[in-house]
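Written below as structure tokens is the structure these notes are about.
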Amino acid sequence: MLIDTYGRTATDLRVSLTDRCNLRCTYCMPEEGLQWLGKSELLTDDEIVRLIGIAVRLLGIREVRFTGGEPLLRPGLPGIVERVTALTPRPRTSLTTNGIGLARTAAALKAAGLDRVNVSLDTLRPDVFKTLTRRARHQDVLDGLAAAHDAGLTPVKVNSVLMPGLNADEAPDLLAWAVAHDYELRFIEQMPLDAQHGWKRDGMVTAEDILASLRTRFRLTPEQDGERGSAPAERWLVDDGPARVGVIASVTRPFCAACDRTRLTADGQIRTCLFATEETDLRAALRSDASDEEIAERWRKAMWGKKAGAGLDDPTFVQPDRPMSAIGG
Ligand code: SAM
Ligand code: SF4
């Protein structure tokens, strides 16, 4: 098991499959992209599957989420999913993607055993999409979403980040659209994880702002009596259900005390938290012929050192060197 000194147990593994991306969301990456990892730095498909196998068989991981960068850019993705869903005990699997290319790959991913997708879409307006992501690919994302739903990668969840002056006024429109298409919408507060270090607390749209905006058009009732367990999203029934909406308020209502995550970067580093400033190198262990048990022990040690919280409210908070796209969001 992956236990830390605060008594939390990690059962949810986020695996970043690449640091590259075909979009340039302003809250994530600069226009020119980043210094990408070299081929020899990236874990191979076999190395990824081996590490996930160790996590599932020896460390109690029950949920594996593939992310990036843009995970659909990894050619071996269907094969990785197939091998991971063949593990015993079989973990639940999901993919966080910007949706570009999903129209082509959704059916194959479902056939490979993938359970669900989270597709990121911040706006219903193609012009705003282009400003936000610096690419004119809005229709590709809509097509990807529809294909995921048709393929049965359900419930299809949509992640939206709201930015002041760009799409902050779209919360009720996004929710009406999501309900009409049977997608489960979750708003994510913007976090200080952009490569440009441009995040400002007073320049972000808060959970409170989002809920106030949604309530101008919908009746929202809390789904779980204020209890959200380890789920980062607080959820509300929309107009008495069955549709729901979630808000992930990592900044204004952090959920660190119930966190059940561990993270593996595309270059084989374990991170205990998105905001961790330290990493544990499993790639070196893999490539020096360490046994599964030795690797598992390194992973346990890393998690034992997990901090109590992300510390966003601490005046000494320092943004991690790696941006979101290189950690795996
Ligand atoms: N490229 C894929 C995508 O966009 O879904 C997966 C990686 S992306 C880093 C994962 C999620 O992180 C996306 O939903 C994205 O909107 C979100 N994200 C990126 N930067 C963020 C930030 N600074 N604050 C909050 N969420 C962010
Ligand atoms: Fe790419 Fe996802 Fe970052 Fe947007 S949020 S630039 S799609 S990694």
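The values are calculated or read from the model by the stated rules, or taken from the named source; none is laboratory data. Here the structure is a predicted model, which means the values were calculated and not measured. Ideal geometry is used to build each Cβ from the backbone, glycine not excepted, and the neighbour counts take in all protein chains shown. Heavy atoms of the whole protein, side chains included, go into the accessibility calculation; ligands, DNA and RNA do not. Shrake-Rupley method; radii C 1.70, N 1.55, O 1.52, S 1.80 Å.
Among Leu42, Leu58, Leu37, Leu72, which is open to solvent by 30 Å² or more (accessible area, probe 1.4 Å) and either within 15 Å of ligand 2 (Cβ to nearest atom) or closer than 21 Å to Ser160 by Cα (or both)?
On inspection, the qualifying residue turns out to be Leu72.
Taking the condition away from ligand 1 (no atom under 15 Å from the Cβ), among the hydrophobic types (A, V, I, L, M, F, W, C) and open to solvent by 20 Å² or more (accessible area, probe 1.4 Å), does Ala112 pass?
So Ala112 fails the test.
Would you mind finding the one in Gly203, Gly198, Gly229 that is farther than 20 Å from Leu142 by Cα, away from ligand 1 (no atom under 16 Å from the Cβ), at pLDDT below 95 and open to solvent by 30 Å² or more (accessible area, probe 1.4 Å)?
Just a single option satisfies the conditions, and that option is Gly229.
Take Ile100 and decide whether it is open to solvent by less than 10 Å² (accessible area, probe 1.4 Å), in contact with a Leu (Cβ under 9 Å, 6 or more places away or on another chain) and at pLDDT 95 or above.
It is false that Ile100 is open to solvent by less than 10 Å² (accessible area, probe 1.4 Å), in contact with a Leu (Cβ under 9 Å, 6 or more places away or on another chain) and at pLDDT 95 or above.
Kindly indicate whether Leu132 is surrounded by 21 or more Cβ atoms within 10 Å (Cβ to Cβ) and closer than 27 Å to Gln35 by Cβ.
Spelling it out, Leu132 is indeed surrounded by 21 or more Cβ atoms within 10 Å (Cβ to Cβ) and closer than 27 Å to Gln35 by Cβ.
Against the condition within 22 Å of the chain's Cα centre (by Cα), of a type in the set (A, V, I, L, M) and more than 22 Å from Leu132 (Cβ to Cβ), how does Leu153 come out, does it pass?
It is true that Leu153 is within 22 Å of the chain's Cα centre (by Cα), of a type in the set (A, V, I, L, M) and more than 22 Å from Leu132 (Cβ to Cβ).
Output the number of residues of the stretch 144-190 satisfying the condition of being among the hydroxyl-bearing types (Ser, Thr, Tyr) and either in contact with a His (Cβ under 6 Å, 6 or more places away or on another chain) or within 16 Å of ligand 2 (Cβ to nearest atom) (or both).
Adding up the residues that qualify gives 1.
Please go through the stretch 164-195 and give me each residue that is surrounded by fewer than 21 Cβ atoms within 10 Å (Cβ to Cβ), assigned to a helix (DSSP H, G or I) and hydrophobic (A, V, I, L, M, F, W, C), ordered by number.
Within the stretch 164-195, Ala168, Ala176, Trp177, Val179, Ala180 qualify.
Do the conditions hold for Arg14, that is, is it touching a residue at least 12 places away in the same chain (Cβ under 8 Å), basic (Lys, Arg), more than 20 Å from Leu282 (Cβ to Cβ) and out of contact with any His (no Cβ under 6 Å at 6 or more places or on another chain)?
No; evaluated as a whole, the condition is false for this residue.
Would you check which residues across the stretch 288-307 are open to solvent by 50 Å² or more (accessible area, probe 1.4 Å), of a type outside the set (Asp, Glu) and touching a residue at least 60 places away in the same chain (Cβ under 8 Å) and list them?
Arg300, Trp304, Gly305
Report yes if Ala111 is among the aliphatic types (A, V, I, L, M), more than 12 Å from ligand 2 (Cβ to nearest atom) and over 20 Å from the mean Cα position of the chain (by Cα), otherwise no.
Here the answer is yes, as Ala111 does meet what is asked.
If you check Ala148, Ala180, Ala171, which single one turns out to be within 21 Å of Pro242 (Cβ to Cβ), free of Cβ contacts under 8 Å to residues at least 24 places away in the same chain and hydrophobic (A, V, I, L, M, F, W, C)?
Unique residue meeting the criteria: Ala180.
I'm trying to understand the selection: among the residues of the stretch 135-151, which are of a type outside the set (Asp, Glu), away from ligand 1 (no atom under 16 Å from the Cβ) and open to solvent by 30 Å² or more (accessible area, probe 1.4 Å)?
Listed by number, the residues that qualify are Ala136, Gln139, Ala146, His149.
Per-residue answers, yes or no, for (1) more than 26 Å from Thr97 (Cα to Cα); (2) assigned to a loop (DSSP other than H, G, I, E, B):
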site	(1), (2)
Ala296	yes, no
Lys301	yes, no
Gly311	yes, yes
Asp314	yes, yes
Arg322	no, yes
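Exactly one condition in (1) in a loop (DSSP other than H, G, I, E, B); (2) open to solvent by 40 Å² or more (accessible area, probe 1.4 Å) is not met by Asp267; state its number.
(2)
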